[in-house]
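Okay, structure first, notes after.
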Amino acid sequence: MVLDAETLTFQASTLKIVARHGLWRYTTPYRPQRRKNSMSHAARDHEPDLIAVIRIPKCASTSLWRLSEAAWPDQQHFSIPSTFRPEMQVNRWEHWRMERARRRRSRSDYGTPRWEGVVARIKNEARDGDVLGGGHNDLRHLRQISTRLRPITVLRDPADRLMSVWAYGREGMARLPWLLRFDKAYSKKAALGDFDTFVSRLLEHRAAFENPFAQYLGIASQAEIAPRLKDDIWLAGVSEAFDAFRIALEERVGRKLPERKDNVTASRAPMAVSAATQRKIEALCALDYEIYEAVRSSV
């Protein structure tokens, strides 16, 4: 079928045309399912009590989102454009391109490019027990939707997570033509080098890339780890013991969940990390190591 400008009707709220590698494909935007007897936000006398799925990249985040869909199958799942993008702090170009991607997704899925508009729409449609997540979202932004959150998250050994971020970015960039690599995130372009170079380039923008666990969960210091994990996080686990996390979630929701863990990055052989590189990782993720160990020891 051939489409031309006269026969194609483009409606941004219902159809999105995406150009990738010279091929056109058609995708239907996400829509949360409405309930028939839903009431307006103005009619409620309280903020909704919501599940917040904190998906940290390369920490079994795809598996975590799919597990949440199985855990709460009768609730609305709001797939929210990513709110945590460390590259936005690197330079103006990275900020602009990340903001461009977020606004496109927000306009496609929620009919508005503005974060405030996304918040307003979800506040109006969300009900007790509904689920927030889908993107890579930090607690600070999700609390603008509701302060009554039950966050769940999965962490991973910081060094192993960084190696997975590097491998994922490297694999993706290797498949791209050179001209298309220009419009990719700083961390993905940094992944074109070896692992030590990748970590060094992240350290060049330490304020942006250090301690992602802490930034996602809103933990500012070692002293805050124990009280925040106890009072703010409903359930946390580690990728290395994902089955234990699944069983703990089963006990909380009273439902059997699928024994499945997805790996969106191709399997790789274990890689030795030099002592110098390990020191760089520890400098970049000092607080994250403390958070990870606190969660791992409680599993």
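With semi-axes defined as the square roots of five times the eigenvalues of the C-alpha gyration tensor, the equivalent ellipsoid of segment 74-193 measures 29, 18, 12 Å, largest first. Footprinting exposure proxy ranking of MET88, MET163, fewest other C-beta atoms within 10 angstrom first, gives MET88, MET163. Distance distribution P(r), segment 45-120, all Cα-Cα pairs, bin width 10 angstrom from 0: 16, 37, 38, 8, 0 percent. In this structure, the residue pairs whose Cα-Cα separation is over 28 Å, taken from LYS58/LYS184; LYS58/LYS189; LYS58/LYS230; LYS184/LYS256; LYS189/LYS230; LYS230/LYS256, are LYS184/LYS256; LYS189/LYS230. Judged by the gyration tensor of its Cα atoms, with axes a ≥ b ≥ c, segment 195-299 is oblate; a/c meets the 1.5 cut and b/c is at least as large as a/b. Take the Cα radius of gyration of segment 83-143 and divide it by 2.2 N^0.38 Å, N being the number of residues; the result is 1.20.
None of the figures in this text is laboratory data; all of them are computed from the coordinates on show. Computed from a predicted structure; not experimentally measured. Note that each Cβ is placed from the backbone with ideal geometry, even for glycine, and that neighbours are counted across all protein chains shown.
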